[in-house]
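The values are calculated or read from the model by the stated rules, or taken from the named source; none is laboratory data. This one's a predicted model, so the numbers in the text were calculated from it and none came from an experiment. Reconstructed Cβ throughout: ideal geometry from the backbone, glycine too, with neighbour counts over all protein chains shown. The area values use the complete protein model at the heavy-atom level, side chains included, leaving out ligands, DNA and RNA. Shrake-Rupley method; radii C 1.70, N 1.55, O 1.52, S 1.80 Å.
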Amino acid sequence: MSSFTERAVGRSVARKDGMGKATGKALYADDLTFPGMLYGRTVRSTIPRGRVRAIRRNFDADGFTVVDCRDIPGKNVIALIENDQPCLVEHEVRHVAEPILLLAHADRERLLAADVDIDYELGTPVLDSATSGVVFKHIRIQKGDVDARLAAAERVIEGTYRTGAQEHVYIEPNGVVAVPEDGGLAVYGSIQCPFYVHRALVTLLGDAVNHVRVVQTETGGGFGGKEEFPSVIAAHAALLALKSGRPVKIIYDRAEDMVATTKRHPSIVRHRTGVTRDGRLVAMDVDVLMDGGAYVTLSPVVLSRGAIHAAGPYRCDHIRIAGRAVMTNTSPNGAFRGFGAPQTQFAMEVHMDRIAEALGLDPVHLREINALRPGDTTATGQVLGSDCSALETLQRAVEVSGYAEKRAATDTGRRGVGISLFYHGSGFTGSGELRLASRAAIELTERGVQVLTSSTEIGQGTRTMHAQIVADALGVPYESVEVAQPDTSRVPDSGPTVASRTCMVVGGILQRAATEMRQRIGDSSPAEYFREHGSLRVEAEYEQPEWIQWDDETYRGDAYATYGWGCNVAEVELDPVTLEVRPGRLTAVVDVGKAIHPALAVGQIEGGSAQAIGYALLEHVVMRDGAMANGQLTNYVIPTTLDTPPIDVVLVENPYPGGPFGAKGLGELPMDGPAPAIVNAIRSLGIDVREIPALPEILLRASARAPGFAIAGQRKPTTAGR
Amino acid sequence: MQFTLNGREVDVAAHPMRRLLDVLREDCELTGTKEGCGEGECGACTVLIDGQAVVSCLVPFAQVDGRDVRTIEGADAQALQRAFMDHVGAQCGICTPGMIMAAMSLGPDPTRKQMQEALAGNLCRCTGYEAIYRAIGEAKRANRRTPLGVESIG
């Protein structure tokens, strides 16, 4: 083996894609052109529910390719979990902006000017999740005897908490180019999960093509918004390319992207919690409702993760969590960083502050006595190991943020401070990783070593971090490791790039592949081996740790191999006249197991926290008649530089022995904590807010409730009764 | 239309009411300038016209007649680019060219507030802006030893 000893893991090495991005040379979907390329467009429904009676094309058909549901050679579905979502409407319309007809033309002006009239038979839409009679998925988690313990509890505290939809606002909208090639089809695009798109296209196109190839282009942000949705836009471009025989590009403009694509599931969570007078949680009864939108898409698994996290990082022997995801006539809601857990942990963490208020306890003390410790069991009965850091992150955050002094200084009624404690399961839930059976490979080349996975670089640093893991496991310089562009014809299926699994799970498979390669090449350096023997490819598959036990029927067992842990302290400043809340400094103490690349890890925490600050205070999806009414960046506001406070990140490294170099998942973790910490900071000013986004209107209503809310040790807010 | 593009005199035939963004990307094949929203909110399409940062999605091509246009491809921004690389100021990278063009107007040793104001029209959804401030702070450090910033990356 080579004598190379310098390690890459743990250092903030130069990211593989850094210069390409800083110089503008990196190529995104819209930067690609192909000879003879047409532009594609989707004609969409304008009603939330009904049937299509007639379609009239009021344009000169010259040069147009037109596709409707009859042009689909295979199955008219977007293949995912239930296959209930059609690619193109046949008769029934279930939401505004549902795709009905596809057009392509070489001239974009003519394409956009083409007028299509659609006659509908109107139906009555279901727009309120609480009254929906169609349940996509029920989940029930049961531990101990909740009813008996609630009945016997010294105090029972109840509450209902709401979270709104959230739009991903990746700065690059969805986009793909479909290109006919050798009897088959290649799709290049802004895609998180190339094999999801591959499977959807194979189902859609059937025997009409001899192969499908999906290639990820540089991707301008995903956050879950390019997890399942790209199958839809890719299907549309593919159908147009197949019919026209020419490359077809579809790039959404911002309005189409916001109105037609997925959003974070809105939620309503009810808590009923039995406690002792000194603050121990004795029984928790939790009801979770998520609005799935018009089709099943990923709602069952979003609900699953949300439900599993709904009891928060707390010890309690008697827990019941009942969850359901229901249909409404809106665009399907889908994957978004955190995947259900930000919603349920928002509810839990605000509820914890309400328990503290009711008992007259300090919110930190309440969390300290209830935080999960190694040896405790979670709601699903998972016994936690030494990689549990709830208490440590809590104590560090209190210390580094100066929480106690700031909390004591909230008397002015303007500056508040709040706290949240949270956790996030790494990788797919339960037996999900076993079913995925992900594979990853490394290959010797004349230049060095190449990493082959379907994990996508969407900004989070996949290429860099995978190269670091392989470099150290193989004992070669980081610079000699290249990472192949994900192309389904070249790379093994490493599972989707989601669920905080890319470092811990796929990185772990790569580490094993590299270790095996190191054994196989023996004393040679990779370059020597290549010169003597030619290329060598080693592929490894996910192996589940033997101790993991999970029962999908009862939802009992080890829900995740490990968890990331975090604590946020948020400061806010309230304008007593406008009731606007300005976020102040946010402290984030997070246990990531091992920071493979500290600067990337910090970047994930900072960026995720900023997205969560927007979720808490600014990002309001206004729904009108089943459609997003503010589908523009002018009136759907995400945090700008001026809205984003300083974010202090402290990384804690309590390793997970099963992760590469001890790493846990971290991408979603920062989405869970800031919203409840901010709302708890507003609550520290005496305003009874229980929902997000915490807009001034919400604060005004909450202030009106304030007289009944005034409790010992808390001043009535100056805004009460205005 | 005759104008100066990245330091070279050019003559580009395009409809005067087309968006400068489209003319740059399609007619001039300079795809480093990105479109994020098409309504002047996100700043991904920021370029310099006569040294001023503007959003090219809101500029009709006619307005660049006789002017000096700079895009990321021709920007004298190596120090910023290197620092964005070193400090992970770019994650997904789609806002990065616009962010760098907007940052070029900042003087040496900018304060956090000056950076926030200069970049207020440039949205980033990945970083929370902190790494961008670190990168710009490094690139604009008054006593930088070398303009190319060859300090070690680790």
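Remarks
- Exactly one residue out of A:161, A:170 is among the hydroxyl-bearing types (Ser, Thr, Tyr), open to solvent by less than 10 Å² (accessible area, probe 1.4 Å), within 14 Å of another protein chain (Cβ to nearest Cβ) and not in a helix (DSSP H, G or I): that is A:170.
- Residue A:578, sole failed condition from (1) of a type in the set (Val, Ile, Thr); (2) surrounded by fewer than 18 Cβ atoms within 10 Å (Cβ to Cβ); (3) not assigned by TED's automatic domain parsing to the domain that holds residue A:341: (3)
- Those residues of segment A:554-571 which are on the phi < 0 side of the Ramachandran plot and open to solvent by 10 Å² or more (accessible area, probe 1.4 Å), in sequence order: A:554, A:556, A:558, A:561, A:571
- Scope segment A:22-67; condition of a type in the set (Phe, Trp, Tyr) and under 30 Å from residue B:103 (Cβ atoms); matching residues: A:28
- Residue A:191 part of a loop (DSSP other than H, G, I, E, B), among the hydrophobic types (A, V, I, L, M, F, W, C) and open to solvent by less than 50 Å² (accessible area, probe 1.4 Å): yes
- Across segment A:232-263, the number of residues qualifying as within 14 Å of chain B (Cβ to nearest Cβ) and either of a type in the set (D, E, K, R) or open to solvent by 10 Å² or more (accessible area, probe 1.4 Å) (or both) comes to 8.
- Each residue in segment A:429-461 was checked for being within 21 Å of the chain's Cα centre (by Cα) and closer than 18 Å to residue A:489 by Cβ, and 5 pass.
- Test for residue B:73: is it more than 18 Å from residue A:251 (Cα to Cα) and modelled with pLDDT of 95 or more: yes
- Matching residues in segment A:614-633 - criterion: being among the hydrophobic types (A, V, I, L, M, F, W, C), more than 22 Å from residue A:129 (Cβ to Cβ) and either open to solvent by 20 Å² or more (accessible area, probe 1.4 Å) or within 8 Å of chain B (Cβ to nearest Cβ) (or both): A:618, A:633
- Failed condition for residue A:636, given (1) within 11 Å of chain B (Cβ to nearest Cβ); (2) in contact with a Cys (Cβ under 9 Å, 6 or more places away or on another chain); (3) more than 25 Å from residue B:114 (Cβ to Cβ): (2)
- Positions within segment B:68-81 being farther than 22 Å from residue A:462 by Cβ and outside any loop (DSSP other than H, G, I, E, B), in sequence order: B:68, B:69, B:70, B:72, B:73, B:74, B:78, B:79, B:80
- Filter result (over 19 Å from residue A:501 (Cα atoms) and either in contact with a strand residue (DSSP E or B) (Cβ under 7 Å, 6 or more places away or on another chain) or open to solvent by 100 Å² or more (accessible area, probe 1.4 Å) (or both)) within segment A:531-546: A:531, A:532, A:533, A:535, A:536, A:537, A:538
- In segment B:1-42, the qualifying residues are those that are of a type in the set (S, T, N, Q) and not in a loop (DSSP other than H, G, I, E, B), and the one that is nearest to residue A:28 (Cα to Cα) is B:4.
- Cβ-Cβ contacts under 6 Å between residues 6 or more apart (or on different chains), taken from a first residue in segment A:14-31 that is within 7 Å of chain B (Cβ to nearest Cβ) to a second residue that is among the aromatic types (Phe, Trp, Tyr), are listed as A:22/B:84.
- Residue that is most open to solvent (accessible area, probe 1.4 Å), among those in segment A:295-337 that are within 26 Å of residue A:609 (Cα to Cα) and among the β-branched types (Val, Ile, Thr): A:301
- Filter pass, residue A:348 being touching a residue at least 40 places away in the same chain (Cβ under 8 Å) and buried (at least 24 other Cβ atoms within 10 Å of the Cβ): yes
- Considering only residues in segment A:438-491 that are assigned to a loop (DSSP other than H, G, I, E, B) and free of Cβ contacts under 8 Å to residues at least 40 places away in the same chain, the one that is surrounded by the fewest Cβ atoms within 10 Å (Cβ to Cβ) turns out to be A:447.
- Unmet requirement for residue A:211, which otherwise passes all of (1) closer than 15 Å to residue A:230 by Cα; (2) more than 14 Å from chain B (Cβ to nearest Cβ): (1)
- In segment B:43-67, the residue that is nearest to the other protein chains (Cβ to nearest Cβ) out of those that are in a loop (DSSP other than H, G, I, E, B) and open to solvent by 40 Å² or more (accessible area, probe 1.4 Å) is B:51.
- Checked against (1) more than 30 Å from residue A:95 (Cα to Cα); (2) open to solvent by 10 Å² or more (accessible area, probe 1.4 Å); (3) within 14 Å of another protein chain (Cβ to nearest Cβ), residue A:35 passes all but a single condition, namely (3).
- Single condition residue A:68 does not satisfy, out of (1) out of contact with any helix residue (DSSP H, G or I) (no Cβ under 7 Å at 6 or more places or on another chain); (2) open to solvent by less than 30 Å² (accessible area, probe 1.4 Å); (3) more than 15 Å from residue A:103 (Cβ to Cβ); (4) more than 14 Å from chain B (Cβ to nearest Cβ): (3)
- Residue identified as at the interface with chain A (Cβ under 9 Å from one of its Cβ atoms) and open to solvent by 30 Å² or more (accessible area, probe 1.4 Å) among B:70, B:82, B:18: B:82
- Contact annotation: residue pairs with Cβ atoms under 6 Å, 6 or more positions apart or on different chains, pairing a residue in segment B:8-27 that is closer than 16 Å to residue B:48 by Cα and of a type in the set (D, E, K, R) with a partner that is at pLDDT 95 or above and assigned to a helix (DSSP H, G or I), are B:19/B:57.
- Residue selected from segment A:383-431 under the condition of a type in the set (A, V, I, L, M, F, W, C) and farther than 30 Å from residue A:659 by Cα, by the criterion surrounded by the most Cβ atoms within 10 Å (Cβ to Cβ): A:417
- Segment A:96-139, residues that are without any contact (Cβ under 8 Å) to a residue 60 or more places away in the chain, hydrophobic (A, V, I, L, M, F, W, C) and surrounded by fewer than 18 Cβ atoms within 10 Å (Cβ to Cβ): A:113
- When segment B:95-111 is limited to residues that are touching a helix residue (DSSP H, G or I) at 6+ places or on another chain (Cβ under 8 Å) and facing another protein chain (nearest Cβ under 8 Å), the one that is farthest from residue A:464 (Cα to Cα) turns out to be B:100.
- Restricting segment B:85-134 to residues that are part of a loop (DSSP other than H, G, I, E, B) and polar (S, T, N, Q), the residue that is surrounded by the most Cβ atoms within 10 Å (Cβ to Cβ) is B:91.
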